[in-house]
Amino acid sequence: ALGGDDQCAAGDAECALNALQLRGLRVQAAANASGDAKWYSACSLIGCNAAYDRNRCQCNAGCMAHGNCCYDHSWICANAYTHAEVEPVIKVPELEEEPPDLTVYKAPEFSDDGCAVVVQDYAVDMEAEGSTFFDNFVFVEVDDVHGAHQFTNESVAKREGVISTRDDSAQLQFGGLRAPSYGGEAWKRYAVNLHTKKAWNPSAGFLVVMSYSQLPYGCGLWPSFWMMNSDKIWPGGGELDILEFANMEANKVTFHLGERCNLDAAKAAQCAPMQAQVNAANSAECETNYFVNKFGCMPKQRQPNGQWFAKNPGIIAAEWTSKSITIFHIPKEEVPEDIEADKPRPTSWKKWVVAYLPLSSSCNSKIGPQELVINMQLCGDWAGGTFGKGQCANSVPSQYRHGCVTGLSQPSDCCTKYVTSPAQDQMLKSQVWDIDYVKVYTSQGAKGRYSGTYKRGGVPLKE
């Protein structure tokens, strides 16, 4: 990582996935201070019902119809209008209050080799598949990574062909182009950012299993499958990156937390998976603060890239207990009977381990319930920052590598120009995430509880 300008070299394992957000934060702070409301205008700055200005996004009742609202309009201005025809974008669900979970959960025992935990009572708590797949998710429309995607709600996603279902699977893909909605904005492509309506307690132990037959990858693309706590300001309650890669770079399994928390370095080395990359380890320190070069913990691990995962469909799984986190990839032709029978036994999956993160006991009290996230991103902090480097240096036409800039999505950004070119329509629309199912299994009778994102109607928690 280059601490001076927050950029990442392709393949730089010390660069956190979202490190380039530093640049975005600085640009936004400068824009706020100067009153420049082009790229980073917000309703929290200019107020609701502000007069129309073609050089920025809008904060008035009409912006919803015209698709040019500022990113925070949906929660800052949702109740600011009296027009009967204006429907607020954010719909906070009416939910029964859940009683506090006061259960004291038992820590699992380690397996004989000390590199796994023994859990024998996993039971299905959530099952998303087929025609009802999207019923389990909230569509979050806010983009925090300054990308060339336009996250959208469910109805627009269906209209634009971004989501679809068949009897046995669900599909996510990139949609068509949305024209700039204010001066200085770049073209964007429709995409989705899905968060589960439930979140699960790692102290009780839970297992997430995604079965997929196809997933997207390529230059300018940034798909991801991860977990986060949405009850605290990031990274306060924890974030686990399970499957996340940009361009043609390697996958990086990383854990982030807002307070001091370390991996057991000796056990991480002892239990590193077979064929783990020697130079893949980043740090045993999970506390994350990009401003002081703390990027989270990333143990030695197997690091295939997106192309490899796409050519080897099957199962991506993550087991999270009070003692450890383990990530697995199981090829479709090798899926064991215990998964098929909904009686998973991860202790028998040793040969498929991708990454193993043994947590110190001090971590548990700081980690909050985890919701699942699946999103389809283009360019932005990571994919835009390393665009045109590595394998993409030879596969992207020269006009998208020279005479343009890299980093945040804007009209002159190399990556944004590439993915929003009509010439890339066919390529992007062929990059489909085809998911057979996502299941969550819980232990000790624990149940998922409403996620913070769901309780707020899809609104991220902000300071």
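The values are calculated or read from the model by the stated rules, or taken from the named source; none is laboratory data. These numbers come from a predicted model, not from an experiment. With ideal geometry, Cβ positions are generated from the backbone for all residues, glycine too; neighbour counts draw on all protein chains shown. Areas reflect the complete protein model, heavy atoms only, side chains present, ligands, DNA and RNA absent. Shrake-Rupley method; radii C 1.70, N 1.55, O 1.52, S 1.80 Å.
Tabulated values for the structure
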read-out: Test for Ser224: is it open to solvent by less than 40 Å² (accessible area, probe 1.4 Å), in a loop (DSSP other than H, G, I, E, B), under 23 Å from Gly380 (Cβ atoms) and modelled with pLDDT of 95 or more; value: no
read-out: The range 375-412: number of residues that are crowded, with 24+ Cβ neighbours inside 10 Å, among the small types (Gly, Ala, Ser) and part of a helix (DSSP H, G or I); value: 2
read-out: Yes/no for Ser348 being open to solvent by 10 Å² or more (accessible area, probe 1.4 Å) and among the hydroxyl-bearing types (Ser, Thr, Tyr); value: yes
read-out: Qualifying residue in the range 126-138 (condition: among the charged types (D, E, K, R), modelled with pLDDT of 75 or more, open to solvent by 80 Å² or more (accessible area, probe 1.4 Å) and within 27 Å of Ser169 (Cα to Cα)); value: yes
read-out: Residue match in the range 430-451 (condition: open to solvent by 50 Å² or more (accessible area, probe 1.4 Å), more than 29 Å from Val104 (Cα to Cα), out of contact with any Pro (no Cβ under 9 Å at 6 or more places or on another chain) and not small (Gly, Ala, Ser)); value: no
read-out: Some residue of the range 286-304 being under 21 Å from Thr442 (Cβ atoms) and buried (at least 18 other Cβ atoms within 10 Å of the Cβ); value: no
read-out: Filter result for the condition that a residue is β-branched (Val, Ile, Thr), within 30 Å of Glu94 (Cβ to Cβ), surrounded by fewer than 24 Cβ atoms within 10 Å (Cβ to Cβ) and within 17 Å of the chain's Cα centre (by Cα), over Val192, Val208; value: Val208
read-out: Subset tally (residues that are surrounded by fewer than 20 Cβ atoms within 10 Å (Cβ to Cβ), assigned to a strand (DSSP E or B) and of a type outside the set (Val, Ile, Thr)) for the range 142-176; value: 2
read-out: Sole exception among (1) in contact (Cβ under 8 Å) with a residue 24 or more places away in the chain; (2) out of contact with any Leu (no Cβ under 6 Å at 6 or more places or on another chain); (3) surrounded by fewer than 24 Cβ atoms within 10 Å (Cβ to Cβ) for Ser365, by number; value: (1)
